[in-house]
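Down below is the structure, laid out as structure tokens.
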Amino acid sequence: MVVSYDDKRNFYRMMLNSDVTVTIIDDEINSTLVATCRDLSATGMAIEMTHPIEINTNVRVCMDSSGNTIQPLDVKGKVVRVTEETPDNYLIGINIAEID
């Protein structure tokens, strides 16, 4: 049996709607922002926030545990995609480089 995928990804994406803290590693003060994680896979994540982050920016994303369903998450990665969904809503694609 051949499985056809509309989404040609190598890893399964878990759809989420969880608050995350995003730290901009590339700036001198390590700015911290609050965002919403929309989906997560073994190699990347999509977060939603009110303003864009430049492509190639290094970030750290932390998600607290929400009971037994989601384990705490602490990853470092790089912004690889920025999509403006509305003037005050951006979808940020992050490639995960390191999981702590």
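Please count how many residues of the stretch 66-88 are among the aliphatic types (A, V, I, L, M) and modelled with pLDDT of 90 or more. Residues flagged as among the aliphatic types (A, V, I, L, M) and modelled with pLDDT of 90 or more within the stretch 66-88 amount to 4. State yes or no: is Val20 modelled with pLDDT of 90 or more, over 13 Å from Asn95 (Cα atoms) and part of a strand (DSSP E or B)? When the stated conditions are applied, Val20 passes them. With respect to the conditions (1) small (Gly, Ala, Ser); (2) at pLDDT below 95; (3) crowded, with 17+ Cβ neighbours inside 10 Å, Ser4 falls short on a single one, namely (3). Of all residues in the stretch 32-85, those that are in contact with a Lys or Arg (Cβ under 6 Å, 6 or more places away or on another chain) and among the charged types (D, E, K, R) total 4. Met45 meets all of the listed conditions (1) over 22 Å from Pro87 (Cβ atoms); (2) assigned to a loop (DSSP other than H, G, I, E, B); (3) within 12 Å of the chain's Cα centre (by Cα) but one, namely (2).
Has the stretch 48-55 got any residue that is at pLDDT 90 or above and not in a loop (DSSP other than H, G, I, E, B)? For the stretch 48-55, residues at pLDDT 90 or above and not in a loop (DSSP other than H, G, I, E, B): present. Against the list (1) under 13 Å from Leu16 (Cβ atoms); (2) at pLDDT below 95; (3) surrounded by 13 or more Cβ atoms within 10 Å (Cβ to Cβ); (4) among the β-branched types (Val, Ile, Thr), the condition Val61 fails is (2). Considering the stretch 25-36, and only residues there that are farther than 12 Å from Gly77 by Cβ and of a type outside the set (D, E, K, R), the residue that is surrounded by the fewest Cβ atoms within 10 Å (Cβ to Cβ) turns out to be Ile29.
The values are calculated or read from the model by the stated rules, or taken from the named source; none is laboratory data. Bear in mind the structure is a predicted one, so any value in this text is a computation, not a measurement. Ideal geometry is used to build each Cβ from the backbone, glycine not excepted, and the neighbour counts take in all protein chains shown.
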